[in-house]
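S.K.: Provided herewith is a single structure, encoded as structure tokens, for subsequent inquiry.
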Amino acid sequence: MPLSPTGNDMTDNPDNTQAPDLMTADEAAAMLKMKRPALLAAARAGRVPAPARLGGPKTLRWDRSQVTAWIAVRLAEAKNGGGAA
């Protein structure tokens with residue numbers, strides 16, 4: 001029986017697609033080497049990928065692949081001498 005990365009049974013998913021790997025604010029902040037309040041402020045200002053709201057207003061999750069791609073773009077910009085100001 002296939003398992004998701006979190007160990008959940010994926011038999012209820014007929015097309016066998018994986019759910020996105022979601023991170024909490026603390027996990028996303030750690031990945032970006034920021035404090036949680038700075039991450040939330042940057043997300044509100046559009047400076048980092050936006051979180052998804054799941055359920056209540058305090059249930060925010062970041063898609064790990066979006067954050068990883070965002071980091072890769074910023075690193076490429078920095079390597080090429082460019083970058084967002």
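S.K.: Provide the per-residue ³J(HN,Hα) series for region 45-50, in order, calculated from phi with Karplus coefficients 6.51, -1.76, 1.60 and θ = phi - 60°, each as a whole number of Hz, with x at glycine and proline positions.
M.R.: These are the phi-based 3J(HN,Hα) values: 7, x, 8, 9, x, 6 Hz.
S.K.: Give, as a single signed number, the net charge of other residues whose beta carbon lies under 15 Å from the beta carbon of Thr59, with Lys and Arg counted +1 and Asp and Glu -1.
M.R.: Counting the neighbours of Thr59, the net charge comes to +1.
S.K.: Counting only residues 5 or more places away or on other chains, whose amide H sits under 5 Å from the amide H of Asp21 once H atoms are built in the peptide plane?
M.R.: Arg64, Ser65
S.K.: Once phi is turned into ³J(HN,Hα) by the Karplus curve 6.51 cos²θ - 1.76 cosθ + 1.60 with θ = phi - 60°, what whole-Hz value does each residue of region 51-68 show in order, with x for glycine and proline?
M.R.: x, 9, 8, 10, x, x, x, 9, 9, 10, 9, 9, 7, 4, 5, 5, 5, 4
S.K.: With an 8 Å Cα cut-off and a minimum separation of 6 or more residues, compute the relative contact order for region 24-79 in percent.
M.R.: Computed value for region 24-79: 28 percent relative contact order.
Throughout, read-outs are computed from the coordinates displayed, never taken from laboratory work. All figures in this text were calculated on a predicted structure; none of them were measured in a lab. Note that we place each Cβ from the backbone using ideal geometry, even for glycine, and neighbour counts take in every protein chain shown.
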